[in-house]
């Protein structure tokens, strides 16, 4: 990797395909960056724009591929694209500004402005909304359960708030855990509007975008609005063909920001310099959250805060429909990287990291390899095979031996043995520890950044016969979502009829527990006589969602 020296450049540039302001940049750096984007640097593929600054001075402004395949419009550094979840930090910054104005405090109970949450019976703070510790279940899964999946049905912030108002149970008590929640940021955006008396667009434009010269940045309040210079979004590949994948939604605050790489980097330059209010805003955003038990997170207010290869990184990625984005700042090196793409198969975090590695050069520590692992008796590994259930979260871990390697069957992650009773996921930071309890069953404890440890107990994999499956068939209703699911049996398989999509087969995980495709896990509940009375859904960002079995079904 090469080091990069800050370059004096002419600030009067163009909105051309590759900005003239950076033509004097290190040509070796440009060639290396170009090589990263070579797969998308064609007139037949969607593409990207990328920008790199040091201390607010442009080093790289490059664009690749097509912004619109139908019209033959290429990407330029001035092309507008959608930010996905990178937008969360702007909602958070708006609330920080209101706190600096004395209008609110970040540790206020949100029910002062959002009385719709009072039925949940648990106080939630503004800070918990912004750090994903509120316990609010994620809106994407809730809409799917309601038969109104994102991408098929148009939604608004008001509809999301209406769903929240009908909830009676959180994923967990506020502050007890971390679970990424788009719902929380939508509620935060609504709170900002009610506290300020202005729309999210009007407030952020007046207080953030215009003061910083972010003239090309706006919220996608209505996806039907004509926006000149906006990239279209796509899924697919050159081999399979590309399809339009436009975000069919009016939800904003959690995402939905239209911008350019140049505007992204103006924002990062303001935070880096810290002049005016921006130093205080930066410090608030970068203050990481803490759980009730003292666990420190690697997430602040709408941004991740961590160390990457030895350097401090403040970053976020985003995806909505086929749009992909990443924005990262490395404060100690005064380097910032912005990325916008319009193809869903692009991993924005991976691509942005590759660009950052070029810009940071020798400042980065070597990539830490996975540990080699220690020998473990095959019988010990075989003894850990099977299904493990987490009573607190409702999730299931399935371990299997594949060519002598213990593997998480759901994530297909190999576990590296650090000791006979301790393992680490390959390429990850999560660990599994075997914890025999005195006089009790063996447990697995899974630990990872940004979450409480999760304890799993072994559960036996069942083989239910047709009669057992038939006893589970019927219609179940969630009173919170006013949503119904129908289960039926065919060919000795229990299936979910989702109505709006093809049926999904349920795979037995443990007694009364079934995986439901990519939806999650159903756990059936019974009364004292063993009769099925309902089921509970675990779907990652949604926990403990109960459905009651309807009489006669």
Seminar exercise, completed: The number of residues in the range 53-90 that are more than 27 Å from residue 333 (Cβ to Cβ) and in contact with a helix residue (DSSP H, G or I) (Cβ under 6 Å, 6 or more places away or on another chain) is 1
Exercise. Tell me, which residue of the range 247-257 that is assigned to a loop (DSSP other than H, G, I, E, B) and in contact with a strand residue (DSSP E or B) (Cβ under 9 Å, 6 or more places away or on another chain) is surrounded by the fewest Cβ atoms within 10 Å (Cβ to Cβ)?
Worked result: 248
Exercise. Any idea which of 221, 193 is at pLDDT below 95 and either assigned to a helix (DSSP H, G or I) or closer than 23 Å to residue 160 by Cα (or both)?
Worked result: 221
For this session: Within the range 57-65, identify whether any single residue is more than 18 Å from residue 337 (Cβ to Cβ), surrounded by 15 or more Cβ atoms within 10 Å (Cβ to Cβ) and not assigned by TED's automatic domain parsing to the domain that holds residue 329, and answer yes or no.
Result: yes
For this session: Quick one: count up the residues across the range 308-317 that are in contact with a strand residue (DSSP E or B) (Cβ under 7 Å, 6 or more places away or on another chain) and either in a loop (DSSP other than H, G, I, E, B) or at pLDDT below 95 (or both).
Result: 0
For this session: Tell me, yes or no, whether the range 329-337 has at least one residue that is closer than 24 Å to residue 453 by Cβ, assigned by TED's automatic domain parsing to the domain that holds residue 242 and buried (at least 17 other Cβ atoms within 10 Å of the Cβ).
Result: no
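Among the residues of the range 134-156, write down those that are within 14 Å of the chain's Cα centre (by Cα) and part of a loop (DSSP other than H, G, I, E, B).
Once the filter is applied, which keeps residues that are within 14 Å of the chain's Cα centre (by Cα) and part of a loop (DSSP other than H, G, I, E, B), the range 134-156 yields 137, 138.
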Exercise. For the range 528-553, which residues satisfy the criterion of being under 18 Å from residue 479 (Cβ atoms), over 23 Å from the mean Cα position of the chain (by Cα) and in a loop (DSSP other than H, G, I, E, B)?
Worked result: 550, 551, 552, 553
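Of everything in the range 421-447, what is assigned to a loop (DSSP other than H, G, I, E, B) and in contact with a strand residue (DSSP E or B) (Cβ under 8 Å, 6 or more places away or on another chain)? Give them in sequence order.
421, 426, 427, 428, 430, 437, 441
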For this session: Among residues belonging to the range 497-509 that are surrounded by fewer than 20 Cβ atoms within 10 Å (Cβ to Cβ) and modelled with pLDDT of 90 or more, point out the one that is farthest from residue 386 (Cα to Cα).
Result: 497
Exercise. What number of residues in the range 287-307 are in a loop (DSSP other than H, G, I, E, B) and over 21 Å from residue 259 (Cβ atoms)?
Worked result: 10
For this session: Evaluate the range 157-175: report whether one residue or more is part of a helix (DSSP H, G or I), at pLDDT 95 or above and touching a strand residue (DSSP E or B) at 6+ places or on another chain (Cβ under 8 Å).
Result: no
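The values are calculated or read from the model by the stated rules, or taken from the named source; none is laboratory data. Remember, it's a predicted structure, so these values are computed and weren't measured experimentally. When we count neighbours, we look across all protein chains shown, and the Cβ atoms used for this are built from the backbone with ideal geometry, even at glycine.
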